[in-house]
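All remarks here apply to the structure that follows.
The values are calculated or read from the model by the stated rules, or taken from the named source; none is laboratory data. Being a predicted model, the structure only gives us computed values, none of them experimental. For neighbour counting, all protein chains shown are included, and Cβ atoms are generated from backbone atoms with ideal geometry for every residue, glycine included. Note: accessible area is taken over every heavy atom of the protein model, side chains too, but ligands, DNA and RNA are not part of it. Shrake-Rupley method; radii C 1.70, N 1.55, O 1.52, S 1.80 Å.
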Amino acid sequence: MPPPLQAHRMLLSHRRISSGPRRRFTAVSSLSSAPAKTVVAPGPAPSSILSIRESLLSGERTAVDITSEYLSRLRRTEPSVRSFIHVADAAAEREAEELDRRIASGGKDAVGPLAGVLVGVKDNLCTAAMPSTGGSRILDGFQPAYDATAVRRLREAGAIVVGKTNLDEFGMGSTTEGSGFQVTTNPWDDSCVPGGSSGGSASAVSARQCVVSLGSDTGGSVRQPASFCGVVGLKPTYGRVSRFGLMAYASSLDVVGCFGSSVFDTATMLSVIAGHDKMDSTSSSNDVPDYRSDLVSPNLLESKPLNNVRIGIIQETLGEGVDTGVISSVKAAASHLEQLGSVVEEVTLPSFSLGLPAYYILASSEASSNLSRYDGIRYGKQVPADELNELYGDSRANGLGHEVKMRILMGTYALSAGYYDAYYKRAQQVRTLVKKSFEEALKRYDVLISPAAPSAAYKIGEKTNDPLAMYAGDIMTVNVNLAGLPALVVPCGFVEGGSAGLPVGLQMIGSPFSEGNLLRIGHIFEQTLQDLSFVPPLLADI
């Protein structure tokens, strides 16, 4: 795998490389796993959503009790985790009381599939009753007049929005250190980053501050933090979920995704938020299945539940630059998938290393256009000035952070006269190559797998002064966005770090609109994974 600068040079003189021969995957049983301290699990990952629904409808618990439990945990953990920019605790309690009244008067028919489920919403998704800042000081105090479509559908299904989660400013970052408000920490080790840009949403689910959460994924912003925080993260197919109400970063890449502590909970979320929306012309009109219908209880699984499933492990994701502990965990996961009946082979994607520089050119170019609206007049805090140009400049200079300014400048440069063909046009050509490379591979395989990130969570501040190293961490995820494909990340192992190890996530990539198949395979993998618990040590004393 070329380093970022070499990959950039390859982008400027790219050529198509013929696919190499396929090789049968070598089982990891002969390899030594990276030492890690893990926690023995009492059983498969349970569904919090199912548990809440059953306890509500049976009368065992009330929505007020459940909400109080989560809010109490949030208050105790938030000083160290800092997942939320805004907590709507009073509103959550009122909604829980109203839900209890509806259940008492109407029974099962009165509640939706997410009744009583506390949801965290990434703060680049609009919420009518709460501030929506995009993690930027320029929007400090901004409150939209409407809910994003994904948020509205969650509310209609009975969910209780508990607050707005922290993020890198406008989604531009991989650690959540780029927030204009605070730095979120990783529940597994508070000296480490939670990933980004949806780090607040991932850490909130990991710390059980909420049941599930919404994020957005432009180049890996759901999948990488899911891996770092040991939770399930889903990036749907482009167009599967409406982007209406999502603050635009790179409109051809942005996708609304979701986090859960189990695959079942994530599937439930997707079933609710997916579907065509007349407010988003890029949303798909494809039918939305019940993604939970194929998720079988572990005691009903066959001995080889993945029989005849063909899986390709991407060769380029297991080479130079990837931590040995991550490689060992992913190979162990591949071996487990083989034991479940699947055929696992190595597959090469020749254009894989070209995706990273192409992504940063395209995303920055779109951002330079999308973020022009934050000028102190249309949107954003205004800095008074005597002249219009001075007002624009001072408002943006004071309101926008360093990373956002840098990407706006990069994008403006790539789109400027004399450089458009050399950068933006060439990056679009590479995007086509990446898409075709995936299409060819997914004709032979049902699913492709890889690590979700080259490493586990690293220390806060470790890469803040080395943006190229931080950008290189997106190598595993950006190609999926360029191709518009769905991808699921499930926790699969640990590496050394913290008091109980640091989690590693396995990324599963599928064909367009194959979320159901990804969730089925991910559910089987999760439910049959033995001796691993992905509950952070932070919760041991709570």
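Details
- Per-region count, the stretch 107-129, residues at negative phi and surrounded by fewer than 24 Cβ atoms within 10 Å (Cβ to Cβ): 10
- Being assigned to a loop (DSSP other than H, G, I, E, B), open to solvent by less than 60 Å² (accessible area, probe 1.4 Å), modelled with pLDDT of 95 or more and within 22 Å of N166 (Cβ to Cβ) is a condition met by no residue of the stretch 40-60.
- Any hit, the stretch 398-415, residues being acidic (D, E), out of contact with any strand residue (DSSP E or B) (no Cβ under 6 Å at 6 or more places or on another chain) and exposed (fewer than 13 other Cβ atoms within 10 Å of the Cβ): no
- Complete set of residues in the stretch 417-427 that are touching a helix residue (DSSP H, G or I) at 6+ places or on another chain (Cβ under 8 Å), assigned to a helix (DSSP H, G or I) and surrounded by fewer than 16 Cβ atoms within 10 Å (Cβ to Cβ): A422
- Condition broken by R208, with the remaining ones in (1) touching a residue at least 12 places away in the same chain (Cβ under 8 Å); (2) surrounded by fewer than 24 Cβ atoms within 10 Å (Cβ to Cβ); (3) on the phi < 0 side of the Ramachandran plot satisfied: (3)
- Checking Y146 against (1) at pLDDT 95 or above; (2) surrounded by 19 or more Cβ atoms within 10 Å (Cβ to Cβ); (3) out of contact with any strand residue (DSSP E or B) (no Cβ under 8 Å at 6 or more places or on another chain); (4) under 23 Å from G275 (Cβ atoms), the condition it does not meet: (2)
- Going through (1) open to solvent by 20 Å² or more (accessible area, probe 1.4 Å); (2) in a helix (DSSP H, G or I); (3) closer than 17 Å to A487 by Cα one by one, N299 falls short only on (3).
- Filter result for G325 (at positive phi and touching a strand residue (DSSP E or B) at 6+ places or on another chain (Cβ under 7 Å)): no
- Subset of the stretch 283-306 [modelled with pLDDT under 95, farther than 19 Å from T268 by Cα and not charged (D, E, K, R)]: N299, L300, L301, S303
- Sub-9 Å Cβ pairs linking a first residue in the stretch 428-445 that is at negative phi and assigned to a helix (DSSP H, G or I) to a second residue that is open to solvent by 60 Å² or more (accessible area, probe 1.4 Å) and aromatic (F, W, Y), at least 6 apart or interchain, number zero.
- Residue selection: E320 satisfies the criterion of being of a type in the set (D, E, K, R) and exposed (fewer than 15 other Cβ atoms within 10 Å of the Cβ).
- Meets criteria (over 27 Å from G199 (Cα atoms), buried (at least 20 other Cβ atoms within 10 Å of the Cβ) and of a type outside the set (S, T, Y)) for V430: yes
- Count of the stretch 310-360 residues which are touching a residue at least 12 places away in the same chain (Cβ under 8 Å), assigned to a helix (DSSP H, G or I) and either under 14 Å from S450 (Cβ atoms) or not charged (D, E, K, R) (or both): 27
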